[in-house]
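Student: Provided herewith is a single structure, encoded as structure tokens, for subsequent inquiry.
The values are calculated or read from the model by the stated rules, or taken from the named source; none is laboratory data. Please read all numbers here as calculations on a predicted model, not as lab measurements. So basically every Cβ, Gly included, is an ideal-geometry build from the backbone, and we count neighbours across all protein chains shown. For the accessible areas, the whole protein counts, side chains as well, though only heavy atoms, and no ligand, DNA or RNA atoms are used. Shrake-Rupley method; radii C 1.70, N 1.55, O 1.52, S 1.80 Å.
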Amino acid sequence: MAASPTPSPADAEPAGLPAALAAARKAALIGLSELVGSASSAATAATAANKATVASESSSGACAVKPGPGPLAPAAEVSYPLAVAFSGGADSTALLRLACDLAPGRVQAFHIHHGLQDAADDFERHCVALCEAWQVPLAVVRVQARHAPGESPEDAARRARYAALAEAARSHAAQRIWLGQHADDQVETLLLALSRGAGLPGLAAMPAHFERGGVVFERPLLAVPGAELRTWLRALGVAWVEDPSNQDASFTRNRIRLQLLPALEAAFPQFRETFARSARHAAQAQVLLEQVAAQDLAMALAPTAEGGQGGDRGERGVSAGLPIAPLQALTRERQANLLRHWLRAVHRTAPTAAQLEEVLGQVAACRTRGHRIHLRVGAGHLERDGPALVFLRSDQGG
């Protein structure tokens, strides 16, 4: 679907905003006032990015900027503190339109070209044309989203996309990146987590804001139904592209969108609000569990009464490890919580439910000096080293 001529967002006021989108706009405006104000106080180091129409990125991660003529090359140095992740689809198109209305002349767009389907080049051409019409600097970042063994192509693409966005933000001096996920996406994420038997982190779904790679990401549209975004774009005469893979029912998320959401709409019209509330409750509970785990880890690693450190090295001296005795003093539920926290925060890995149960069983049985522990956990192995558990990544041996 080709881009059609539309009024410049910087010159046109929003027309016919649906209620949820109007509320999102109001909330976003509050957050942007400080960002745009601080950015205007001094010129940034992003002059090259400000004059870019299209930038490409090799697999090494370095962005190459192509200077562009015409309205995308400002006469004076101007900073663009806000960036929008722009795929060309309806959601990100509505978000870009909203951003340009709220911060005219201070917005840039990043388009991630995965090269995963034949239409990818068409998506890029659409984004270039629309950004030229709206006078928005655009950087196109090409990535290769190869998935690791045991990782789904979708997860690999998502990981590569966020890494590319963070790198683009650093290269183009963007202080904040807006993402276009909306209320329907939030419900899909929650239902997908339920279908996989996820715990609280999964049931918390997508946060409204987070930081990754030193870059702040925000999702201003999480309370806005996707249908409202499309209705607004049609009223403005703004075109977007449709990703053909969104109709592929072989993907679980697509089946949720195409089959479950219409049924929920008919049976529970308020499901977006109630599901989002449940996700917020899960997120709050997860924060509490993380706080408890951090306290338990600090206690476990605290100096002992004999003057030693709770995490003293064992015979192998691999790492400080997690002392077994203070772990055993906790309830089984807190043991599980602490183990998950320690593995994630210290070793950047996560056990499956079955692996965690096996570890808990071995911890309970570890009552003699000769008890051996060697279990596959996450991306490596968990072993006993003297008085502590140590984690060895697969590439470390053991």
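Student: Kindly provide the set of residues from region 220-247 that are among the hydroxyl-bearing types (Ser, Thr, Tyr) and either more than 20 Å from Arg25 (Cβ to Cβ) or open to solvent by less than 30 Å² (accessible area, probe 1.4 Å) (or both), ordered by number.
Tutor: Matches in region 220-247: Ser245 only.
Student: Now, a different point. Please determine whether any residue of region 177-184 is more than 25 Å from Ser250 (Cα to Cα) and either open to solvent by 40 Å² or more (accessible area, probe 1.4 Å) or of a type in the set (Val, Ile, Thr) (or both).
Tutor: Yes, region 177-184 contains at least one residue that is more than 25 Å from Ser250 (Cα to Cα) and either open to solvent by 40 Å² or more (accessible area, probe 1.4 Å) or of a type in the set (Val, Ile, Thr) (or both).
Student: Next question, about the same structure. Scanning region 120-142 for residues that are open to solvent by 20 Å² or more (accessible area, probe 1.4 Å) and not charged (D, E, K, R), which turns out nearest to the chain's Cα centre (by Cα)? Steps first, please.
Tutor: Here is the first cut: in region 120-142, the residues open to solvent by 20 Å² or more (accessible area, probe 1.4 Å) are 121-125, 128-129, 132-133, 135, 142.
Those still in the list that are not charged (D, E, K, R) too: 123, 128-129, 133, 135.
Working: Phe123: 22, Val128: 24, Ala129: 27, Ala133: 29, Gln135: 27 Å.
If we take residues in region 120-142 being open to solvent by 20 Å² or more (accessible area, probe 1.4 Å) and not charged (D, E, K, R), then Phe123 is nearest to the chain's Cα centre (by Cα).
Conditions tested, residue by residue: (1) basic (Lys, Arg); (2) more than 23 Å from the chain's Cα centre (by Cα); (3) open to solvent by less than 60 Å² (accessible area, probe 1.4 Å); (4) within 19 Å of Pro323 (Cα to Cα).
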{"position": "Arg257", "(1), (2), (3), (4)": "yes, no, no, no"}
{"position": "Leu260", "(1), (2), (3), (4)": "no, yes, no, no"}
{"position": "Leu264", "(1), (2), (3), (4)": "no, yes, yes, no"}
{"position": "Ala300", "(1), (2), (3), (4)": "no, yes, yes, yes"}
{"position": "Pro303", "(1), (2), (3), (4)": "no, yes, no, yes"}
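Student: Which condition from (1) under 25 Å from Leu17 (Cβ atoms); (2) open to solvent by 60 Å² or more (accessible area, probe 1.4 Å) is the one that Gly197 breaks?
Tutor: The single condition Gly197 does not satisfy is (1).
Student: Could you tell me whether any residue of region 90-112 is in a helix (DSSP H, G or I), surrounded by fewer than 21 Cβ atoms within 10 Å (Cβ to Cβ) and free of Cβ contacts under 8 Å to residues at least 40 places away in the same chain?
Tutor: Checked region 90-112: no residue is in a helix (DSSP H, G or I), surrounded by fewer than 21 Cβ atoms within 10 Å (Cβ to Cβ) and free of Cβ contacts under 8 Å to residues at least 40 places away in the same chain.
Student: Collect the residues in region 209-219 that are modelled with pLDDT under 95 and either buried (at least 19 other Cβ atoms within 10 Å of the Cβ) or among the small types (Gly, Ala, Ser) (or both), keeping them in residue-number order.
Tutor: Once the filter is applied, which keeps residues that are modelled with pLDDT under 95 and either buried (at least 19 other Cβ atoms within 10 Å of the Cβ) or among the small types (Gly, Ala, Ser) (or both), region 209-219 yields Gly213, Gly214, Val215.
Student: Same structure again: Find the residue count for region 306-324, including only residues that are among the aliphatic types (A, V, I, L, M) and at pLDDT below 95.
Tutor: Qualifying residue count, region 306-324: 2.
Student: Moving on. From the list Leu330, Leu356, Leu360, Leu339, which one is in a loop (DSSP other than H, G, I, E, B) and either at pLDDT 95 or above or in contact with a Ser or Thr (Cβ under 7 Å, 6 or more places away or on another chain) (or both)?
Tutor: Working: Leu356 fails: in a loop (DSSP other than H, G, I, E, B); Leu360 fails: in a loop (DSSP other than H, G, I, E, B); Leu339 fails: in a loop (DSSP other than H, G, I, E, B).
None of the others qualify; the one that does is Leu330.
Student: Quick one: which residue in Arg253, Arg196 is among the basic types (Lys, Arg) and without any contact (Cβ under 8 Å) to a residue 40 or more places away in the chain? Walk me through it before giving the result.
Tutor: On the way: Arg253 fails: without any contact (Cβ under 8 Å) to a residue 40 or more places away in the chain.
Residue meeting the stated conditions: Arg196.
Student: Keeping to region 363-395, report how many residues are in contact (Cβ under 8 Å) with a residue 40 or more places away in the chain, on the phi < 0 side of the Ramachandran plot and not in a strand (DSSP E or B).
Tutor: Looking only at that region, the number is 2.
Student: Is it true that some residue in region 143-163 is more than 30 Å from Phe271 (Cβ to Cβ), touching a Cys at 6+ places or on another chain (Cβ under 8 Å) and of a type in the set (Val, Ile, Thr)?
Tutor: Taking every residue of region 143-163 in turn, none turns out to be more than 30 Å from Phe271 (Cβ to Cβ), touching a Cys at 6+ places or on another chain (Cβ under 8 Å) and of a type in the set (Val, Ile, Thr).
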